[in-house]
Amino acid sequence: MLLQLVRRHLVPILCLIGISAPFIGMLLIDLFYYSTICGWILGFCCFVISYIIVSKRPDEEDSATTSTNKPIYKAIK
């Protein structure tokens, strides 16, 4: 149940992490000098992963139309 919730909302979660990662990195600059750069890299990776997920995921309306019982017409020679 929790896995389905995370799977359904994975792209918005990744986008929120991608937006907040550079700011969290800026807050941690006293702890680690390169934390801002790591935050920007992590944010960029989150956006790239979410783009890949969205581009590979089938569209909802395409899957809904293909699942219906529509007749397939073949070309007649």
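The values are calculated or read from the model by the stated rules, or taken from the named source; none is laboratory data. As the structure is a computational prediction, the values presented were derived from the model and not from experiment. We work out accessible area using only protein heavy atoms, side chains counted, and drop any ligands, DNA or RNA first. Shrake-Rupley method; radii C 1.70, N 1.55, O 1.52, S 1.80 Å.
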From the backbone phi of region 38-44, what are the Karplus-calculated ³J(HN,Hα) couplings (6.51 cos²θ - 1.76 cosθ + 1.60, θ = phi - 60°) in whole Hz, Gly and Pro given as x?
-> 5, x, 5, 5, 5, x, 5
For region 1-56, with every protein chain kept in place, what is the accessible area per residue (1.4 Å probe, Å²)?
-> 83 Å²
